Amino acid sequence: MHNEIRKPKVYLVGAGPGRADLITLRGAELLKTADCIIVDKLANPVLLQLARKDAEIIHVPKRIGPDSFTQDQVNRILADKALSGKTVVRLKGGDPCMFGRCTEEAQVLNAAGVEFEIVPGVTAAIAAAEYTGIMLTDRRYSSQVAFITGREAEGKEQTNLDWDVLARFPGTLVFYMGIGALPSIASKLVENGMSPEMPAALVADATLPTQRLVQAPLGRIAEECKKQQIEPPALVIVGPAAAGDPGLNWFMQQPLYGKGLVVTRDPDGNADSARKVIARGGRPIEYPTLAIQSLTDRNEFLRALAEFPVYQWVIFTSANGVRIFFEALRKLGKDARVFGGIKIAAIGPRTAEALEPFGIRADFVPEVFTGRELARQLIGYTDLRGKKVLMLRSEIASDELAEGLQAGGAAVTDVAVYTALPHRGDDKALIEQIRQGKVQWLTFASPSAVRGFFEQIPAESVHSYGLKVASVGPVTSKELVRVGVCVDVEATEHTIDGLLDAIEDVERRA
């Protein structure tokens, strides 16, 4: 499909203001299908996870440095890649046309006879305001807003900016790329008649867990930003609106806002946890302790699959098990039809959710998500005496589920579909973050993650740096205690969401 001859086309796509999930649906879909993605420095690198595995990724940072690109070079790459027959996405931070070089790029493509489409993005000013409770327009005090490039203000003799008009502007001024020019912006506005007491604000890293907000009168905002060591990218907002409303600053008031949470699952699991942490305003630090290895090429699994119709129940104990099982089915040319009339149990809602994309709804999900409880509740739900039950699970899981089902009279076939191998993380980098005070919580979702983590990071570092420890459930907590670590909070609902709920409860009370 990807090799068919297509008309060259370039999509000039706005990546949004920072947080990856603020890209438009159209932008995300184009990233999934592009042959080539040309990306600038301000676009969130997480968005590149949407790209096809075989897509060509070209980074074109335009800041000064040995690896930087000129606009002419970027223009040439855009046209060349498209003319070679590739579908190209030019991924630009914020909105592609707001103080970007979108016009030049579109004109170059026109001259080369290459079709293009502009895909709008959420521009930084809108996001910075709405993630801080600063409403750029409000019928009480601001019926108009002006977007201005701060680069024009930075000591240029020839400028298109009319400071007299800006100083008298009856609304909100937003300066993009304004942090370097902040002293100049403030002094020019004051020199042209704006009150030095006019509210001003600076927003850095908008929409990210590292977002910073500095508010001060115009006459003191530059000094305050210097004191707080604010770095770009940042926007400057000037006008009555810049005073903001603390009650509307929903993002920075979240319990996990800005908190560093170490997630310690396998790489795919960490990516899932990181999305959930970011959604709550936290700063995920991914430290994989495990690597998931499929065991579906073993005779034990192949024999169980060949005998599938003899089972009355199949039990999945993790989302990893579901994913690996269906991957094996696909490779063998089979699909969900192997289940026929077989009943399916899943150890918790996350495992049940993992089944849904394959068109399967679990017949039974226990209310408490442990192996012992699944066995107890399933026996209460249905008579298992003499029934054949196939368990598809991790090789290193405990035996309590199998033993509980056998005690209820079931004939259990226990098949390992995957195992979790230890994975070495960048322990020096993590310890450095801990020393710098950037880590507040360590989170653990399995006993194997506990073992993998504390084989690399000394347990005493938890206590000496005052880190808090969160466990997904009693089995994981038991392992933490065994390695000499105190558990600060244990999830009531044994899921990642339950774990984060428990951490939020602690932070609210702090």
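Observations on the model:
- DSSP-loop trypsin sites (Lys or Arg not before Pro) across the stretch 262-310, with at most 16 other Cβ within 10 angstrom: R298
- In the stretch 74-165, the trypsin sites (Lys or Arg not before Pro) that fall in loop regions by DSSP, at most 10 other Cβ within 10 Å: R139, R140
- Stokes-Einstein diffusion for the stretch 261-407, with the hydrodynamic radius set to the Kirkwood value over Cα pairs and evaluated at 25 °C in a medium of 0.890 mPa s, equals 149 µm²/s.
- Cα centroid of the stretch 220-260 to Cα centroid of the stretch 402-436, whole Å: 41
- Summarising the overall dimensions of the stretch 65-190 from its C-alpha atoms, the Rg and Dmax are 18.0, 55 angstrom.
- The helix-based estimate of mean residue ellipticity at 222 nm for the chain, built from -39,500 (n - 2.57) per DSSP H run of four or more residues and divided by its residue count, is -9500 deg cm²/dmol to the nearest 500.
- Surface/4 estimate of mean projected area, convex hull on alpha-carbon atoms of the chain, nm²: 28.9
- Shape summary: the stretch 1-149 maps onto an equivalent ellipsoid whose semi-axes, from the alpha-carbon gyration tensor, are 29, 17, 15 Å in decreasing order.
- Formal net charge of residues neighbouring T296 (Cβ-Cβ distance under 14 Å; K, R +1; D, E -1): +3
- Surface/4 of the Cα convex hull for the stretch 72-113, nm²: 2.9
- Percent antiparallel among DSSP beta bridges (both partners in the chain, rounded to 5): 30
- Counting charges near V214 (Lys, Arg +1; Asp, Glu -1) among other residues having Cβ under 11 Å from its Cβ returns a value of +2.
- Secondary structure note: in the stretch 105-241, about 75% of the DSSP beta bridges are antiparallel.
Computed from the coordinates by the stated procedures, all read-outs in this text should not be read as laboratory data. Since the structure is predicted, the reported quantities are computational estimates derived from the model, not experimental observations. Glycine also receives a Cβ, built like all others from the backbone with ideal geometry; neighbour counts cover every protein chain displayed.
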